[in-house]
Every structure is written in C-alpha cells, then in structure tokens.
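A.B. asks: Dropping a structure here in structure tokens format, bear with me for questions.
No value in this document is a laboratory result; all are computed from the given coordinates. Because the structure is predicted, anything quoted here is derived from the model rather than measured. As a convention, Cβ positions derive from the backbone with ideal geometry for all residues, glycine included, and neighbour counts pool all protein chains shown.
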Amino acid sequence: MGKKRAEYSENLKWNVKDLFTSKEAYEEEYQALEQDLAKYAKFKGHILDSATNLLELLEFDTSFNKRIEQIFVYAHIQNDQDTTDTNYQTMFGKTYNLYEKYVATTSFITPEILKKDYQLIEKYIQEKPELQAYSRTLKELFKYQKYTLSAKEESLISNLVSVFKTPDDVYSLLTDADMTFGQIKNDDNIKEELTEKSYRKFIESTNRRVRKQAFTKLLTTYSHFKNTYASLLMAEVKNSNKIANIRGYQSSLHAALYQNDIPTEIYTNLITTVKKNIKPLSDFWQLKKEMLNVKSLHLYDTYAPITKEINHQYSVSAARDLLYQALAILGDTYITDLKQAFDNRWIDFCSNDGKRNGAYCTNAYNVHPYVLLSYDGSLNNVSTLAHELGHAMHYYYASKYQKYQDYNYSIFVAEVASQVNQILLSKYLIAHTSNKEEKKYLIDDLISDFKATIYRQTMFAEFEKIIHEEDEKGNILTHEDLSNIYYKLNQEYFGKNIVIDDIIKYEWERIPHFYMNFYVYQYATAYAAAIKIAMDILNHKDKAQEQYLEFLKLGCTKTPIESLKVAGVDMTKPETLNEAFAYFEDLIKELNSLK
C-alpha cells in the first residue's frame with residue numbers, strides 16, 4: 001500500500017478552491033445549471049427570427065458553456081485525484097450526465113441555424129455589431145451545413161452518444177479493470193506483478209531476460225482475448241464509418257480531418273514521407289545493437305537504455321528551478337507567467353493510492369489550467385512536468401488573449417507546445433553536462449521520443465487508415481486479419497537490423513488511441529512542428545521566439561495550418577518533415593560520436 005492523499009502536504013496538491021470554494025458551492029451551481037437547461041426551450045424555432053434573438057442565444061450558450069466547463073473540471077479532477085472515493089465517483093457521474101443532457105437539449109441549435117443561408121447571418125451582424133464577436137463561430141458552423149441532418153435526426157444521434165461510446169467503454173473496462181497479466185521475475189529474480197503500469201519499468205530494464213519476459217507475457221495475455229478485442233475495435237470502426245456515411249462525408253478520415261480544416265493530403269503525405277525515411281531508423285538499430293552488445297536486436301530490446309539510468313532525484317523545487325532555467329530562452333514574460341503554475345498550485349504532485357495513472361493538463365476558462373501527475377522525482381517525471389506545463393501555458397495564453405468561443409485550440413496543434421518544452425529541456429540538459437554517459441542517456445532519450453512519436457504513431461495512423469478503408473469496402477476483418485496487417489506494418493516501419501518478433505502482431509489490442517478516430521497522426525505532425533520551432537528558437541532564428549509566443553495566444557482564431565504558419569511552420573510543405581528527419585540523423589551522429 002502507498003500513501004493516502006491526506007498524508008501529503010497541501011502545497012503538493014492542486015487548489016480546487018479556485019474552481020469552487022466548497023462542495024456546497026459546486027452543488028448550488030449544479031442545480032442552477034440543471035434549472036437553466038430549461039431556458040433553451042424558448043429559443044427553439046425562433047433563433048433566427050431576429051438579430052436580437054440570435055445574439056441572446058449565443059450569449060446565453062457561451063455563459064452556460066463556461067459554467068458547465070467549470071463544474072466539469074471540478075468534478076473530473078477530484079475524481080481523478082482519488083478514484084476510490086465514491087463521493088467523487090458520484091459527483092463526476094452526475095456531472096457527466098448533466099453534460100449529456102446539455103448536448104441532447106441543445107442539439108436543435110445547429111440544424112435550426114443551418115436551415116438558413118449565411119447571407120442572413122451577415123445581415124444580422126450588420127444590424128447587431130455585438131454579433132461580430134461570434135462571427136468566427138458562425139462561419140465555422142456553416143462549414144458543416146452540407147453535413148448536418150434535420151433537427152430530429154440530430155437529436156437522435158445526440159441521444160445515441162453513450163451507445164457509440166460503448167466499444168471504448170468496454171475496451172477500458174476490459175483492459176484497465178478485468179485483465180491480469182500474472183507475475184514475472186524482476187531484476188532481482190523476485191516475482192512481481194506485471195501490469196500495464198509496471199510494463200514500462202520492465203521493458204526498460206537493463207536485464208534482457210526481464211525485457212523479453214515482460215514483452216512476451218503481456219502480449220501473450222492480450223492474444224487470449226483477440227476475438228473480443230477484434231469485435232470491439234471493428235465496432236468502433238463501423239460506428240465511425242456509418243456516422244460519416246450518414247452525414248455525407250467522403251470517408252471517416254475526411255470527417256475526422258474536416259473539423260480542423262486539415263486536408264487529407266497531410267495525413268497521406270505523413271505516411272508516405274515517413275516510409276521513405278526508414279533508413280535512419282535502421283541505422284540507429286545497428287548502432288543500438290552495438291551499444292547493447294547483442295548479436296540480434298529484438299523489439300523488446302528497443303526500449304533498453306544504452307547507459308546506466310541517470311539516477312538524479314529532483315525535489316519539486318529543484319524541478320521547478322530546472323524548468324525555469326531550461327525554458328528561459330522563451331523570455332522573461334513566459335517564465336513570469338509560468339511561475340503562477342507553482343505559486344498558485346495549478347499542479348497536483350501527489351502519488352497517493354487511487355490516483356489516476358498517467359499525466360494530463362485540463363483547463364477551465366474562468367479559472368486556470370490544472371496539471372495532474374504522480375511525481376516521483378525522476379528525470380522522466382521532470383520531463384513529463386515540462387510537457388504538461390507546455391499544455392498549461394498554451395491554455396493560459398489562449399484563455400488570456402481570446403474570448404471563450406475562440407480560445408479552445410484544435411487537437412492538431414495541441415501537442416506542439418508540450419513537445420517544444422520537452423525538447424528545450426533535453427537540449428538544455430545535454431548542453432549543461434560534461435558527463436559522457438549522461439549525454440548518451442539524454443540523446444538516446446530524444447531518439448526514443450522521435451522513434452515513438454514519428455515512426456510508431458505514423459504506423460498506428462496507417463493501421464487505422466487501412467482498417468477503416470477495408471470496412472468501407474464491406475470487407476470483414478477478423479482478429480487474424482488485424483494481426484497480419486499490424487505485423488506487416490511493423491516490418492515496414494521498423495526496417496532492417498531488427499528482429500520483428502511474431503508476437504508483436506497482437507500489440508494493436510492494447511492501443512487505446514484506436515478508439516479515438518484518427519487521432520494519433522497528430523502526435524507525429526505536432527512533434528515535427530515542435531522540432532522546427534524548438535530548433536529555430538535554440539538557433540536564435542530571427543523572430544522565432546516572438547512568433548512562437550504569438551502562436552500560443554491564437555486559440556482557434558486561425559485554422560491549425562495557418563496557426564502553425566504564425567510560428568514559422570508550414571505543414572503543407574515536405575520541408576517540415578524533412579527537417580525533422582535531418583534533426584533525427586544529427587542525433588544519431590552525435591550519439592555515434594560518443595561510443
């Protein structure tokens with residue numbers, strides 16, 4: 001048993017009182033929101049009767065959204081800080097139910113507005129200048145006009161949201177709650193429980209026996225459930241394809257990318273470009289094989305460190321000071337603003353029992369961002385903290401400089417700021433150590449990030465594309481088909497100088513992102529963008545720092561592609577990805593020079 005949450009000092013916990021001073025205050029707002037839902041009824045059938053009606057609806061809906069966001073974050077983060085607390089479970093459950101009621105209640109708005117032509121909206125904006133504040137929102141709404149159904153049909157779809165979530169919900173329950181992987185012998189030859197959470201520790205072990213055993217046992221366990229996972233994944237794919245078809249999109253890929261104005265060529269060009277650049281990864285495998293002193297490199301060896309782990313332990317204050325130093329290149333204003341995260345307790349550092357695994361950042365527009373992690377003082381955790389604070393500062397600046405309806409930037413750019421922070425931290429540490437082994441460790445870590453984010457996530461993206469296309473053609477994909485597709489992709493993406501172990505064909509079963517509908521490609525595109533931004537800043541390219549800070553302030557006022565251009569990155573051009581691969585090759589050369 002670990003520590004109880006009550007055993008941690010308050011300064012290590014996020015300050016939920018910034019959201020609501022008490023549970024009673026939350027309950028009061030919850031009930032007020034529940035009552036205010038009924039006020040939407042008066043707009044039904046009358047939204048576009050006049051410019052005044054349209055403005056009143058938009059202002060009411062914006063205010064309601066701010067409020068429901070705030071209670072949602074309040075319930076959500078407290079449930080995650082201790083998932084064993086039934087009070088928080090109940091609070092989050094009923095808050096989520098309220099959100100679903102809101103979605104169903106307001107489902108009439110979009111189809112009702114889209115019955116008219118945009119010319120009427122332009123006329124109303126002329127009549128009522130206050131509507132100008134919603135011009136982007138309205139223009140964005142009309143983008144979906146040809147893909148929006150009748151009010152009745154939209155209501156039906158809204159009411160089926162929880163049904164469409166079933167494959168993902170069942171996947172989570174099966175993977176996180178019901179599955180067990182048994183025990184393996186750790187580095188000290190002592191039996192230890194293998195879980196998804198402990199797997200990383202084992203697969204990164206310096207002991208090859210431990211790595212192989214963890215890899216084999218984990219994937220063998222998944223293989224026992226291959227029929228169930230195949231059924232769940234293909235149900236998710238069918239949901240995605242059918243909804244896209246019902247709405248009239250060209251494909252589910254088109255539907256997923258359309259919402260962020262991303263041309264499908266960005267997706268396909270990513271796959272093509274990465275597959276043209278497999279050789280650098282094959283070269284790295286050869287180097288890693290030599291550094292690990294193994295005759296053949298297996299997939300379970302790819303996460304093994306080439307040096308002893310850097311065992312520096314950083315207190316919270318030491319991590320904070322290190323981040324201030326590493327990110328100082330972003331300017332005094334950025335650091336001053338970043339200090340609020342520590343001084344005003346935006347971060348929850350506790351590692352208490354029942355706390356949700358992993359790390360994330362969320363935001364309430366009326367308050368500030370919140371960061372969750374289970375801090376253990378390791379360098380890896382400092383890097384995670386840098387990552388999540390990148391998200392926090394992106395949220396902070398977007399909230400500060402944009403109206404509510406314009407602040408929530410798209411997923412396509414969401415991982416840029418987090419990755420910029422991590423790269424700047426790593427480059428700072430490499431530049432400020434004279435220890436050869438430490439340098440090797442840090443460079444290998446950057447290489448691993450690149451491999452995991454550019455190569456592996458793009459491989460995931462192609463897997464998603466293939467299985468959706470096969471379903472669109474009416475082909476039935478069994479677990480055997482899915483496994484064969486996945487195995488072949490591993491062979492293609494990981495190239496030469498490595499053994500592609502047969503059991504890797506079951507790995508698709510453990511990837512939760514396949515239930516997020518063409519999400520993963522954005523990790524790769526964002527990382528490529530972050531590399532360019534970080535390296536331009538480090539190389540003191542003219543205006544690089546200023547352009548990046550301007551990008552953080554944009555929210556969704558520009559399309560994701562145009563937003564990145566403000567930061568000096570053009571994702572429509574092959575140069576961005578080519579620069580990323582040049583960076584990767586430079587890292588390999590630098591590591592090779594330290595052999």
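A.B. asks: Could you tell me the center-to-center distance, by alpha carbons, between the stretch 511-531 and the stretch 1-79 in angstrom?
C.D. replies: 29
A.B. asks: Sort all Cα-Cα distances of the stretch 372-428 into consecutive 10 angstrom bins from zero, then give the percent of pairs in each bin up to the one containing the longest distance.
C.D. replies: 24, 45, 25, 7
A.B. asks: Also, I was wondering about something else. Any of LYS185/LYS217; LYS217/LYS440; LYS289/LYS451 with alpha carbons more than 22 Å apart? Name them for me.
C.D. replies: Among LYS185/LYS217; LYS217/LYS440; LYS289/LYS451, the Cα-Cα distance tops 22 Å for LYS217/LYS440.
A.B. asks: So, one more: Enumerate the aspartates and glutamates that LYS403 could reach by cross-link, defined here as Cα to Cα under 17 Å, with residues fewer than 8 away along the same chain left out.
C.D. replies: Answer for LYS403, where 17 Å is the Cα cut-off: GLU56, GLU59, ASP61, GLU69, GLU130, GLU140, GLU550, listed by chain and number.
A.B. asks: Which entries in LYS496/LYS589; LYS197/LYS238; LYS42/LYS123; LYS197/LYS308 show an alpha-carbon gap greater than 25 Å?
C.D. replies: Numbers: LYS496/LYS589 18 Å; LYS197/LYS238 30 Å; LYS42/LYS123 23 Å; LYS197/LYS308 22 Å.
Cα-Cα > 25 Å for LYS197/LYS238; rest within.
A.B. asks: According to a simple spin-label model (label point 7 Å from Cα along Cα-to-Cβ), what is the distance in nm between ALA38 and LYS197?
C.D. replies: For LYS197 paired with ALA38, the spin-label model returns 4.4 nm.
A.B. asks: Another question about this same structure. If R0 is 30 Å, what FRET efficiency do you get for ASN65 and THR559 from their C-beta distance, rounded to 0.05?
C.D. replies: It comes to 0.90.
A.B. asks: Order these peptides, 545-552, 522-529, by their mean beta-carbon neighbour count within 10 angstrom, highest first.
C.D. replies: Going by the mean number of other Cβ atoms within 10 Å, highest first, we get 522-529, 545-552.
A.B. asks: In µm²/s, what is D for the stretch 1-159 at 37 °C and 0.692 mPa s, where D = kT/(6 pi eta Rh) by Stokes-Einstein and Rh is the Kirkwood radius from Cα pairs?
C.D. replies: It diffuses with D of about 182 µm²/s by this estimate.
A.B. asks: Okay, next question. Can you list the residues of the stretch 223-255 with backbone N under 17 Å from a point 7 Å past the Cα of GLU100, pointing along Cα to Cβ?
C.D. replies: No residue qualifies, since no backbone N sits under 17 Å from the label point.
A.B. asks: How many angstrom lie between the C-alpha centres of the stretch 441-475 and the stretch 545-583?
C.D. replies: 21
A.B. asks: Please find the FRET efficiency linking VAL294 to HIS540, where r is the Cβ-Cβ separation and R0 is fixed at 56 Å, and quote it to the nearest 0.05.
C.D. replies: Given R0 = 56 Å and the Cβ-Cβ separation, E is 0.85.
A.B. asks: Is any residue of the stretch 28-67 close enough, with backbone N under 11 Å, to a label point placed 7 angstrom from the Cα of GLU127 along the Cα-Cβ axis, and if so, which?
C.D. replies: Output list for this probe position: 48-55.
A.B. asks: State, as an integer percentage, the relative contact order of the chain based on alpha-carbon contacts under 8 Å between residues 6 or more apart.
C.D. replies: Numbers: 727 pairs, mean separation 110.0, N = 595.
Result for the chain is 18 percent.
A.B. asks: Within the set of other residues whose C-beta is less than 13 Å from the C-beta of GLU192, count the net charge using Lys and Arg as +1 and Asp and Glu as -1.
C.D. replies: Spelling it out: positives minus negatives among the neighbours equals +2.
A.B. asks: What number in nm² do you get for the chain if you take the convex hull of its Cα atoms and divide its surface by four?
C.D. replies: Averaged projected hull area, Cα only: 26.9 nm².
A.B. asks: Under 20 Å between alpha carbons, and skipping anything fewer than 8 positions from LYS565 in its own chain: which lysines qualify?
C.D. replies: Once the sequence-local lysines are set aside, what remains near LYS565 is LYS532, LYS541, LYS543, LYS553, LYS573.
A.B. asks: Under 23 Å from the Cα of LYS23, which lysines turn up, not counting those fewer than eight places away in the same chain?
C.D. replies: LYS4, LYS13, LYS66, LYS94, LYS101, LYS355
A.B. asks: Less than 15 Å Cβ to Cβ from GLY248, Lys/Arg counted +1 and Asp/Glu -1: what total charge do the surrounding residues give?
C.D. replies: +1
A.B. asks: I've got another one for you. At 18 angstrom or more along the helix axis (alpha-carbon based) and mean Kyte-Doolittle of 1.0 or higher, what helices does the chain contain? Whole DSSP H runs only.
C.D. replies: What comes out of the filter, once short or polar helices are dropped, is 411-431.
A.B. asks: Under a crude label model (7 Å from the Cα following the beta-carbon direction), how far is GLU469 from ASN159 in nanometres?
C.D. replies: Distance between label points: 3.8 nm.
A.B. asks: Sorted by packing (mean other beta-carbon atoms within 10 Å per residue), highest first, where do 116-124, 472-480, 316-324 land?
C.D. replies: Output ranking for 116-124, 472-480, 316-324: 316-324, 116-124, 472-480.
A.B. asks: Can you figure out the FRET efficiency of ASP188 with ALA318, using R₀ = 25 Å and their beta-carbon distance, to the nearest 0.05?
C.D. replies: Efficiency, from the Cβ-Cβ distance: 0.30.
A.B. asks: With the contact rule set at Cα under 8 Å and sequence spacing of 6 or more, what percent relative contact order holds for the stretch 5-164?
C.D. replies: With pairs under 8 Å counted, the relative contact order is 24 percent.
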